[in-house]
Each structure stands twice: as C-alpha cells, then as structure tokens.
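Report on the structure given below.
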Amino acid sequence: MFKWAQLLRQDNLTREITSPDGRTVCRFAIKSGAICYQVMRDHKTIIDYSRLGFNLSGEAPLRRNLRLVRTKNRIKNEKIELQWGEDRFIDNNYHESAFYLTESTKNPRIFTVRFRVFNDAVAFRYEIPPQPKFQRLTITEELTEFNVSPNATTWKIPAYQPDRYEYNYEKSYIYNLISSVHTPLTISTPAGYFLSIHEAALYNYGSMTLKLNDNNILAADITPLSDHTKAHVNLPFETPWRLIMIADSALALTANRVMYALNPAPTMDFSWVHTLKFIGIWWAMYVGEWTWAPGERHGATTQHAIEYINAAVRLGISGLLIEGWNDGWEGNWLENGIHNSFTTPTPDFDFDAVARYARRQNIELVGHHETVGFVDNYESQLEDAYNYYAARGVRFIKTGYAGSMMTINGRHEYHHSQIGVNHYQKTIELAARKHICLDIHEPIKGTGIERTFPNLLSREGARGQEYEGGAISPSHACFLPYTRLLSGGMDYTPGIFDIENSVKRLSTTITRQLAYYVTIYSGMTMAADRPFMYEERFPDLFTFIRRVPTTYERTVPLAGEIGEYYVVARESDDHEWYIGGVTNESSRHVILDFNFLDSNTYLATIYADAPDAHYRDNPYAHQILKRRITRRDNLDIYLAPGGGFAIILSPLIS
Ligand code: NOJ
C-alpha cells in the first residue's frame, strides 16, 4: 500500500546528475508518465526537454505510464590505457545515475535508462532485461530526441545515399534537417558551445542517423532493415550509448575521447596487435598505369609484388598492400563481385612465393578482400579466407564493401543496418581469433569499439584521396577533424606526391600530403604513392613519412576552425613531437605557441609551403627548414591556398 502511494507521488519527478566539474547538468524527468531529459552547461540549456522511449512491433510502445522504481548512483574517476591511438591515457571520469523504470499498467514491463555525465559529455543508454512475458522484441522506432535549438548551425553528410559516408560536408541549420544525416553530427549552438551527437559501442542494432521528427525536434532515426523494422533483439539488450560531446570551442571538441571510455576493456589477449605503415599495389591502378583485373597491365603480379617488397625494405616501410590478387576482378567488378573468390589467386600471382619472400624480408603483407557488398558470398568463404591468409603469415587485411547496399540473406540491406553492423562485427571477432588486424573500407562508422577489439586498426568511412580529381576540395580535410574523425581514425591514403597526374589531379600542395599523417590519425597508415615518387622524386620529403609514428602518447590540438584550418601536435613514445596543419582554399599564417613542450630544447625540422606555392598551379613549391625551439618560442608558419605543413621536434640532449 505504502509502496504504491510512493510511486504515485513520483508520477512527475525530476532528478539531476551533475558532471564532476559542476559545469554540465543532466536532468532526467518523468512528466505525466513519459520520460525525458535535458542538458545544461553553465546553467544554460543546450538540449531542452527531449523525449525517450521506443515503439515496438506487436507490443505497446515503451514510453508511457512510467514510474521510477529505484535510482542507483555511481561515481567513476579512472585513467584508461589504450593499446594504440591518439592518446595513450584517457579519462573515464563521470557521475552516473541508473533509473529503473516500470509501467503502471496491468502487465508492467521494466527497463532502465542509465546516464553518465562527464565534464565534456552526456551519455545514456536503454537497458531492457528479460521478463516472463517479454523475451524478444522488434523495435520499429527509437524515439530518442536531441532537442537542440533549431537555429544552431551544423555540418552534415546525408544518410541512406549510395556512397554511404563518402560525401562532402555541408553547413546547415538544425531546422533544415528534414532528411537524415549521419553521426557524428557536429553542432555550434547559439549560446556558443560546440556539440557532437554520436553513439558509442554500436552492437547488434541499426546505426543512429538523425533528422527532425514530426514535432520538428532533432531525433534518432535508426537505420532500417529491409523488413522496415529497426532491430530484432533478444533480451537482455542494451542499446548503444547515445553520446553528446560538449566543448567550449570546435578545437576542444577534437580532443574528446569519451566514446572510447564508454566501450569496455578487451576481454581477449591483444598483445599481438601492432599498428602499421604500408605502401601498396594500389595508386598505380587509380592513375591508370596498372589494373585490378588480370591482363597486360595487371598490378598484382608476382614480379610487381617482389619489386614492391624490395622497395618497402629500401624505404623503411614495414607493410605492403596488394589489391587485385584474387579471382573476381574481371569485367565490371562492381557488378560481378558475387563471383569473388578470396582463396584463389590469379594465375600470374604466386601467393605462396610472395608470402615467403615477404616473410624473409620482414615485410608484413596487407591482404585485400573486396566484397563489393556481396556479404553472402563473403560470409560463405570467411573462415577459409582468413585461414588462407593466416596460414601464409598475413596478419593484416584491408576489407572493402563498395556498392550502395549489402546483399545479405538474399536481401538488400544498408551497410549501417543491424544486419550490416552484425556482419562487420563477425569479421572483427573472427579476425581477432586468427590474430589478424583489419582496415575496413566502406565500413560501419566508428563507435569506439576498437578499445575492446584493438585489432580493428582503421577504417575509411569518408571521402579519401581516391576522390581526388575533382570530387574533393581543400576544405574537405579541414572539416574531417571536427566531424568524421570524432568517430576514430581514418585510412585517408595520404602521401600522394604525384599531384599533377593526368587522371586524378590532386587539390593539395606537396607538404600538405605530409600534414595529413598528423591531422588524420590512422592505426594503419598508407604511404599511398608509388615507390619511385619517394625514392627518386622527393626523398627529402619522404623522410617525414618514414619517421612519422602510427601511435602516440598524447595529442594536443593547437589551432583551428571548422572547414577553415586545423593544427595538431602529437607526442611519440620517444618524446618527439609531430605537428601537422592544413588549410582550406585560403592561405593563412598560423602562429605556433610551443608552450605545450617540456623544458628541453628541440631541433625542429619544418616542411612548409613556399611563399609562392598554390594547390592549383604551383603545388610542389616547398621549403625544408631547421630551427632550435623551446617552450618559450613562437613560430609564424605560412600555409598556401590548399596547403599544409608538417614539423618534427626532436629533443636535443644537452
Ligand atoms: C574502395 C576503397 O576505398 C579503395 O581503397 C579500394 O582500392 C577499392 N574500393 C577497391 O577495392
């Protein structure tokens, strides 16, 4: 009797969770039996009351007549060590409240909404336990809203389009988001804060896109399955974390690592994983010198592979990617992908001999599986294909899912649907068991799962340099750090020195190609041009590519504005600093303040645009300068239109 009276009084209630530094407050509320939340920063509302809940198939919606049964609070303050990445240590510092809810109906169901409030983020997820009359459910709609000001500015790429995430970022207003856009969705609010709405730990669920709902509020739009539902799940089930990153500036947003903190630590041994730099039988295909398909100009021949292995040894690069080595590239490969064999080399490629030679030379081969989205075909060969590589000592695979949809179980599904998410996960877990690392192209977006599965070293998942030749402009790489890269590393295929080639003319200066190694982090990083460009044409510039690390101790963003420019410094494990900066179509001077350094004196090697460099008509003009630098110094660096710079700071041992 008493208990029910208490519950009734709770019909309208509010609970607050405050961040450890006190600046961010999340308010969870039940209003007339419906649940919602609100987020404030410095007492200003940045997300106004937003609805929570689900519509289900064959079941009443899970969003009304709700009562709070119990609240459980927790405080966490720890440092997490990541195996590789932009920062070796990240903070996991939050105040948590889990709200255990029930329905005031005849057959009440129960579920929990768990909130974590960090200094620089709010995250929450739904947790649904199994119940006698509720063991399995089909979600037709997740009702989560993110009620930001309609007048806030945002930078978007469209969802449900044939090229997946590979679009140019466009500035817009929230009130214009009438069709779905991908996350991370970066937002500048009228109160002057920067947010990015994203998700963490995406497993067994459709990926979250965002659009205005019928109330004109920004809301989750979960990628549908071909049966028009959003997900079929067995209970217990937890949704991914809904993540709102919060910062005082766009630059500060780029240092947000909460996504990783929301993912659990690995449960398997991953000590065998290491990051990799590699060249590839690759760009020669893009510029038309070689072909993926067998024939006179076939790229993946035994002879070319041996030559490239020798080149990798001379260049001091540890890996070699070989694309087009297997049966299935003949004719229109995008249509014929269903015939790809992942265990049959073309007749002119002696895989065993190449693998033996690579092992003798200490070069890691990066295998290649282009599925063209024919996942049924790939899954039927998956175990054999990974065994085939593992038996030959191949410990890295680049996978690809070109094609606008996946074919799974004979149906066309979005790459980002629950079924697509589960397929990618299957490959990651199988690869982990076989001690193989992955670089997934046409991937599912990053949600920080590489903390749990560090063998997932990189992804593509945005326009990369393969789009050069007209489809990207210099501003693209100035959007990425503030948008796509908030979801983790990207294989952008940097290091193309052959800028003026006739097939894929690049919008870059040559030193900008070095900057990309620092501004676009990737655990598997390509030196994407052909070896002669490095050995014969620009050996001095190549020195930077050889030296730049693939994992860092610490990252310090230095300067930037969304779509304008970005400058970042990263410290290696031997206490060198690598700095990269890129600008859009406009030239600019950046004053570097070295106050992030310790008390050492450093020798700076500076790779910068020459005063007359220009991405359009003078892309090769550059200078390499040496300076002594201490933490008291400033340095004025010039970036040409479409240009960029890179710096190595080596401590001088006095
Ligand atoms: C698209 C990938 O992004 C690219 O790197 C790859 O070479 C082609 N697909 C062919 O697999």
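Ordered by the number of other Cβ atoms lying within 10 Å of each residue's own Cβ, fewest first, L320, L251, L652 fall into the sequence L652, L251, L320.
Region 354-458 gives an Rg/Rh value of 0.98, both radii derived from C-alpha positions and Rh following Kirkwood. Restricting attention to the chain, close to 85% of DSSP beta bridges with both partner residues there are antiparallel. A simple rule links phi to the HN-Hα coupling: the Karplus curve 6.51 cos²θ - 1.76 cosθ + 1.60 with θ = phi - 60°, which for region 439-452 gives 10, 9, 9, 6, x, 7, 4, x, 10, x, 5, 5, 5, 7 Hz, with x for Gly and Pro. Over all directions, the projected convex hull of the C-alpha atoms in the chain averages 29.3 nm² in area. Secondary structure note: in region 276-460, about 15% of the DSSP beta bridges are antiparallel. Between region 590-652 and region 87-132, the C-alpha centres lie 46 angstrom from each other. Here region 2-261 is treated as a Stokes sphere of Kirkwood radius computed over C-alpha pairs; at 20 °C and 1.002 mPa s its diffusion coefficient rounds to 112 µm²/s. Normalised by residue count, region 276-460 yields a Cα convex hull volume of 112 Å³ per residue.
So who's got an amide H within less than 5 Å of the one on V366, skipping anything under 5 residues away but keeping other chains? H placed 1.01 Å off N, in plane. Residues meeting the criterion, in which the H sits 1.01 Å from N, are L320, L321, I322. Using just its DSSP H runs of length 4 or more, each adding -39500 (n - 2.57), the chain gives a mean residue ellipticity at 222 nm of -4500 deg cm²/dmol after division by all residues. Give me the percent of Cα-Cα pairs in region 474-591 that sit more than 21 Å apart, rounded to a whole number. In whole percent, the long-distance tail amounts to 36. Quick one: check the C-alpha center-to-center distance for region 343-390 versus region 253-312, whole angstrom. Distance between centres, Cα-based: 13 Å. Relative to the longest principal axis of the C-alpha atoms of the chain, give the angle of the C-alpha long axis of helix 302-315, reported between 0 and 90° and rounded to the nearest 10°. Around 90 degrees separate the two axes. If you take the alpha carbon atoms of region 128-268 and fit the smallest convex hull around them, that volume is 148 Å³ per residue. Listed by chain and number, the lysines whose alpha-carbon sits under 27 Å from that of K171, ignoring those within fewer than 8 places in the same chain, are K44, K156, K211, K445, K504.
Relative contact order of region 323-429: 25 percent, from C-alpha pairs under 8 Å at least 6 residues apart in sequence. Working from Cα pairs under 8 Å separated by at least six residues, relative contact order for the chain is 11 percent.
Taken together, the values in this text are just the output of simple stated rules run on the coordinates, not laboratory data. Being a predicted model, the structure only gives us computed values, none of them experimental. Cβ: placed from backbone, ideal geometry, glycine included. Neighbour counts: every protein chain shown.
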